[in-house]
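Visitor: Attaching a single structure in C-alpha cells format; questions to follow.
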Amino acid sequence: MTEADQLADMARHEPKNFLGFDFSTQQLKAIVVNDQLEVMQEAAVQFDNDLPEYRTSGGVNVRGDGVTVTAPTIMWVKALDMLMDKLRVSGADFSTIRAISGTGQQHGSVYWRRGSGDLLGKLQPDRFLHDQLAMAFSITESPIWMDSSTTQQCKELEEKIGGSKKLADITGSRAYERFTGNQIMKIFQRRKESYNCTERISLVSSFACSIFLGAYAAIDFADASGMNLLDINTKSWSQECLDACAPGLAEKLGEPVPASQNLGSISSYFVDRYSFNPDCAVIAFTGDNPASLAGMCLAPGDVAVSLGTSDTLFLWLDRPKPQLEGHIFVNPVDKDAYMALLCFKNGSLTREKIRDECADGSWDLFNQLLDMTPRGNFGNIGMYYHIREITPDLEGVYRYNKSDDTVTRFTSSEVEVRALVEGQFIAKRVHAENLGFHTGSETRVLATGGASANKSLLQVLADVFNAPVYTMDVANSACLGCAYRAKHGLLGGAFKDAIKGAEFKLVCKPNNDAEEIYDALVDRFYNLETSLTSAANTQSDKITATENK
Ligand SMILES: Nc1ncnc2c1ncn2[C@@H]1O[C@H](COP(=O)(O)OP(=O)(O)O)[C@@H](O)[C@H]1O
Ligand SMILES: O=C(CO)[C@@H](O)[C@H](O)COP(=O)(O)O
C-alpha cells in the first residue's frame, strides 16, 4: 500500500460521530451517535436544579399577570457551558464529531444587542461563554412558547392581513399568542428603545446555532413556520406580515434556509476549548416538533401519534392545506414537503378517567372491556372533552347511538370504553384529513408516548387509520432527530438514506373489515362534530352580541 493509500484507509476507518442538542423548556440535552446511529453518549443540564441562581420553575418565569412567560437568555448560555463539560466527562471525543445540529423549544425569541455579531466571532477559548455573552442581549428575558400575553397583537395581525384564514393560508397557522411575530410586535410596541438597539432576532434554535457557528445563524424554514411571518408557499418572509409586526424586521431576521443547510464550520472557540475538528460542520438548528419528526423517521404518507399527557399528531404532507386549527410547517427533512402538527388536550388523562370509572383503575380490565366489544361499537359514538379541547374547540361529553340520537349514557362499561378510544382515534383521522392527509397503501402509523405501551389501544389505532402501527424507542426524539439531521446535512441526499439503521417494531396490523367499518364512522363523526362546533359558535356569537348591547 502506498503512503497515500494508507492515509486514505486510515481516514475511512476514523470514527464518524454526530452530535445533536436540544434546548428545550426544562433542560438542555445532547446526544452523540455514531455512523450507525447508535447512541454513544448522552448528557443533560436541568435549568431549575443545576442553575438555581436563575430561580426558574420548569425552566421558565411566569410574571405577575399570569400570561407573560419568559426565560433568562443567559441561563441557556450558562447551561451550554455546563453541558459541554458534562459531555466531556461522559467520554465524548469531540475530535470525532463530523457535524452537529440541534433544536430549541419553538416560538421563543432571542434579541441580540448591536455589536453581538462581532462578539460571537471573537469569543476567547479560555473563558466561559456566559461570561463573554453576559451583555450580548438587548432583551434579557426571552419570551417563550408558554406566553399568552399577545392577544391584542394577534388580533391586529389578523386584521391587517385580512382575517385568520388569510393569515393561515400564508403562514400555515392563524395568529397564535406564542407565535414569534406577535411576540416581536409586542416588544416593538412596548420597548421601542430595546427593539431599536437589537441587531438580530433569533429563534431559540438559531440562537443556539449562532453560538456554535461564531456568527448569526439563519433561521430554518421549519422553525420559521411557527412565527406567523414566513410565507410557507414561497419559503420567504411575507413582507405583509413583517410590516404588520414591526419595521426593519427582514434585516433583523436574516434570510431563512432549509433545515438541512450546512451553515459552515464550527467556530474556533469550540476547536480551541473542546478540541473539535475545525472541519466539523454546523447544520441549521430547527424547532423541537420538526426535530421530533426527524427523530421518529417519519416518511412520506406516515403519521406519528404521540400518546402522552396530551395526544399530538405529526403528519407528513406533500401539499399544505392550512386550516384554522392545527399548524402547517415546512418539512424539516425535505424542504419541498410539509408537516402538520395537531394537539389534542384530552389524551391520557381522559383515558385514565374512563379507566377509573369503568375498569376500577386497571389498564388490564380496561383492555379486556375494549377487546370484548366489536369494531364499530354497534354504531355508538362518543366524544369526551373533560377539559376544553383544542382540536376541536369543544367542552363536555357527547354520546350518540347508531341513529345519531343523543343519549345520556351507554348501556355498558365496555361500550363506554370503546366509544372513548374509537372517538379519540377517529377524531385524529378526521382532523388529519381536514389538513389534507390521506391513508395510502404505504402509510405507517408510528406510535410513541406513555400509552403506546398499550397494544389494545394500538389495535384500535391501526383499524381506524387502516394502516399498520409501529413503535420505536424514541425517548428524546427531538434531540436524537438532530443527531440524525447532522448526518443528513453533512452527507446530503435523501433523509431516508442517512437514517438507514433506525429500527421500528411492527405492533399491530389493521383487520380486514377496518376500512369498511371506519370509513363510514369517520363521515358520521365529522358531521356530528361539525354540528356541535357550529352550535357552540352560534352560542358564543349570541353571548358576544348580548355583551355588546
Ligand atoms: N398501559 C398503559 N395504557 C394506557 N396508557 C398508559 C399506559 N401506561 C402509561 N400510560 C399513560 O401514559 C401517560 C404518560 O405518557 P408520557 O408520554 O410519559 O407523558 P408526557 O411526556 O406527556 O409527560 C400517563 O398519563 C398514562 O395514562
Ligand atoms: O409550542 C409548542 C409547539 O407549537 C411546544 O411544543 C414547544 O415547542 C414545546 O417545547 P418543549 O417543552 O418540548 O421544549
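The values are calculated or read from the model by the stated rules, or taken from the named source; none is laboratory data. Just so it is clear, the model here is predicted, and its values are computed rather than measured. Backbone-built Cβ (ideal geometry, glycine too); neighbour counts: all protein chains shown. These area figures cover heavy atoms from the full protein model, side chains too; ligands, DNA and RNA do not enter into them. Shrake-Rupley method; radii C 1.70, N 1.55, O 1.52, S 1.80 Å.
Visitor: What residue among ILE31, PHE137, LEU293 has its Cα farthest toward the positive end of the dipole of the chain, where the charges are +1 on Lys, Arg and -1 on Asp, Glu, each on the Cβ?
Guide: Farthest towards the positive end: PHE137.
Visitor: If you don't mind, there's one more thing I want to ask. As a test question: what accessible area, to the nearest 10 Å², does TYR216 have when a 1.4 Å probe is rolled over all protein chains in place?
Guide: 50 Å²
Visitor: Enumerate the amide H contacts of GLY108 below 5 Å, restricted to partners 5 or more residues apart or on another chain; note that Pro and chain-start residues carry no placed amide H.
Guide: The list, which skips near neighbours in sequence, is TRP145, VAL204.
Visitor: Right, something else. Roughly speaking, what is the centre-to-centre gap between the stretch 123-185 and the stretch 216-287 when only Cα atoms are used, to the nearest Å?
Guide: Between the Cα centre of the stretch 123-185 and that of the stretch 216-287, the gap is 14 Å.
Visitor: Taking the DSSP beta bridges in the chain as the whole, what percent of them are antiparallel, to the nearest 5?
Guide: Looking only at bridges with both residues in the chain, the antiparallel portion is about 75 percent.
Visitor: What full-extension length gain, to one decimal in nm, is calculated for GLU251 and SER534 as 0.36 nm per residue of separation minus the Cα-Cα distance?
Guide: Full extension from GLU251 to SER534 adds 97.6 nm.
Visitor: Under a straight-distance cross-link criterion of Cα-Cα below 12 Å, which aspartates and glutamates are reachable from LYS487, leaving out those fewer than 8 residues away in the same chain?
Guide: LYS487 reaches ASP35, ASP497.
Visitor: Calculate how large, on average over all directions, the projected area of the Cα convex hull of the stretch 211-294 is; give the answer in nm² to one decimal.
Guide: Averaged projected area of the stretch 211-294's Cα convex hull equals 6.4 nm².
Visitor: Now a separate question. Please list, in order along the stretch 140-156, the HN-Hα scalar couplings obtained from phi with the Karplus expression 6.51 cos²θ - 1.76 cosθ + 1.60 (θ = phi - 60°), rounded to whole Hz, x for Gly and Pro.
Guide: 8, 10, 7, x, 10, 5, 7, 6, 10, 8, 10, 4, 4, 5, 4, 4, 4
Visitor: While we're on this one: Kirkwood Rh and Cα-based Rg: tell me the resulting Rg over Rh for the stretch 278-423, rounded to two decimals. Mind showing how you got there, number by number?
Guide: Details: Rg = 19.0 Å, Rh = 17.5 Å.
Value, to two decimals: 1.09.
Visitor: Can you give the convex hull volume per residue for the Cα atoms of the stretch 186-328, as a whole number of Å³?
Guide: Dividing the Cα hull volume of the stretch 186-328 by its residues yields 164 Å³.
Visitor: Another question, then. Could you run the Debye sum over the Cα atoms of the stretch 132-221, one equal point scatterer each and no solvent, and tell me log10 of I(q)/I(0) at q = 0.14, 0.15, 0.26 Å⁻¹, two decimals?
Guide: Here log10 of I(q) over I(0) equals -0.58, -0.66, -1.34.
Visitor: Ok, one more. Once you have all Cα-Cα distances for the stretch 47-122, histogram them in 5 Å bins from zero and send the whole-percent values.
Guide: Whole-percent P(r) values from 0 Å outward: 3, 11, 16, 20, 20, 16, 10, 3, 1, 0.
Visitor: Enter the angle in degrees (range 0 to 90, nearest 10) between the Cα long axis of helix 204-213 and the first principal axis of the Cα atoms of the chain, meaning the one along which they spread out most.
Guide: Relative to the chain, helix 204-213 is tipped by roughly 20 degrees.
Visitor: Sticking with this one: Starting from the Cα coordinates of the chain, work out the convex hull volume and express it per residue in Å³. It would help to have the intermediate numbers written out before the result.
Guide: Values: hull volume 92.7 nm³, N = 549.
Expressed per residue, the convex hull around the Cα atoms of the chain is 169 Å³.
Visitor: Holding the Cα-Cα limit at 29 Å, pick out from LYS165/LYS186; LYS29/LYS165; LYS345/LYS496; LYS455/LYS496 the pairs that are longer than that.
Guide: Details: LYS165/LYS186 22 Å; LYS29/LYS165 37 Å; LYS345/LYS496 31 Å; LYS455/LYS496 27 Å.
In this structure, LYS29/LYS165; LYS345/LYS496 exceed 29 Å between Cα atoms.
Visitor: How many percent of the alpha carbon pairs in the stretch 61-170 exceed a separation of 18 Å?
Guide: I get 67 percent for the Cα pairs in the stretch 61-170 exceeding 18 Å.
Visitor: Okay, moving on. Taking the Cα centre of the chain as the origin, how large is its charge dipole in debye, to the nearest 20, when only Lys and Arg (+1) and Asp and Glu (-1) carry charge on their Cβ atoms?
Guide: It works out to roughly 920 debye.
Visitor: Ordered by residue, what ³J(HN,Hα) values in Hz, to whole numbers, does the stretch 521-536 give under the Karplus form 6.51 cos²θ - 1.76 cosθ + 1.60, where θ = phi - 60° and Gly and Pro are x?
Guide: Karplus values, whole Hz, x for Gly and Pro: 5, 4, 5, 4, 4, 4, 5, 5, 5, 4, 5, 5, 5, 5, 4, 5.
Visitor: Determine which lysines satisfy two conditions relative to LYS402: a Cα distance under 25 Å, and not lying fewer than 8 residues away in the same chain.
Guide: List returned: LYS353, LYS428.
Visitor: Could I ask something else about it? Around LEU324, under 9 Å between beta carbons, what's the net of Lys plus Arg minus Asp minus Glu among the other residues? Walk me through the numbers before you get to the answer.
Guide: On the way: positive: LYS165, ARG174; negative: GLU325.
Result for the local shell: +1.
Visitor: Turning to a different aspect of this structure: Helix 73-89 versus the longest principal axis of the chain: what is the Cα-based angle in degrees, 0 to 90, to the nearest 10?
Guide: It is inclined by approximately 80 degrees.
Visitor: Another question, if that's okay. Where Rh denotes the Kirkwood radius from the mean inverse Cα pair distance, what is Rg over Rh for the stretch 1-143? Walk me through the numbers before you get to the answer.
Guide: Values: Rg = 18.7 Å, Rh = 17.3 Å.
Rg divided by Rh gives 1.08.
Visitor: Taking the Cα centre of each part, how many Å lie between the stretch 306-322 and the stretch 481-542?
Guide: Value for the Cα centre distance between the two parts: 5 Å.
Visitor: Once the whole set of protein chains is in place, how much accessible area is left on HIS130, using a 1.4 Å probe, in Å² to the nearest 10?
Guide: Counting only protein heavy atoms, HIS130 exposes about 40 Å² to solvent.
Visitor: Just the number, please: carbon plus sulfur as a percent of the accessible area of the stretch 69-129, 1.4 Å probe, no ligands or DNA/RNA counted.
Guide: Ligands and nucleic acids excluded, carbon and sulfur reach 52 percent.
Visitor: Another question, then. Taking a quarter of the surface of the Cα convex hull of the stretch 10-290, what do you get in nm²?
Guide: 14.5 nm²
Visitor: Evaluate the charge dipole of the stretch 10-290 about its Cα centre and quote only its size in Debye, nearest 20, assuming +1 on the Cβ of each Lys and Arg and -1 on the Cβ of each Asp and Glu. Spell out each step's value before the answer.
Guide: Numbers: 27 positive and 34 negative charges, 85 e Å.
The dipole magnitude comes to about 400 debye.
Visitor: To continue, here is another question. Based on the mean of other beta carbon atoms within 10 Å per residue, what is the order of 270-277, 386-393, 481-488, most packed first?
Guide: On the way: 270-277: 18.2, 386-393: 15.6, 481-488: 30.1.
Put in order of decreasing packing, that is 481-488, 270-277, 386-393.
Visitor: May I pose another question? What ³J(HN,Hα) values, in whole Hz, does the Karplus curve 6.51 cos²θ - 1.76 cosθ + 1.60 give for the stretch 90-97 when θ = phi - 60°, with x put for Gly and Pro?
Guide: So the J values, rounded to whole Hz, are 6, x, 5, 9, 5, 5, 8, 7.
Visitor: When only C-alpha pairs under 8 Å and at least 6 residues apart count, what is the relative contact order of the stretch 138-197, in percent?
Guide: Numbers: 51 pairs, mean separation 23.8, N = 60.
Value for the stretch 138-197: 40 percent.
Visitor: Continuing with the same structure: Using only the alpha-carbon atoms, how far is helix 363-372 inclined from the longest principal axis of the chain? Give it as 0 to 90 degrees, nearest 10.
Guide: The angle comes out near 50 degrees.
Visitor: Here is a further query. Can you give me the solvent accessible area of LYS455 with a 1.4 Å probe, rounded to the nearest 10 Å²?
Guide: For LYS455, the solvent-accessible surface is approximately 120 Å².
Visitor: Follow-up. May I ask you to rank LYS78, LYS509 by accessible area, largest first, using a 1.4 Å probe over the protein chains only?
Guide: LYS509, LYS78
Visitor: Still on this structure, please answer the following. In percent, how large is the relative contact order of the chain, given Cα pairs closer than 8 Å and 6 or more residues apart?
Guide: Working: 1209 pairs, mean separation 79.5, N = 549.
It rounds to 14 percent for the chain.
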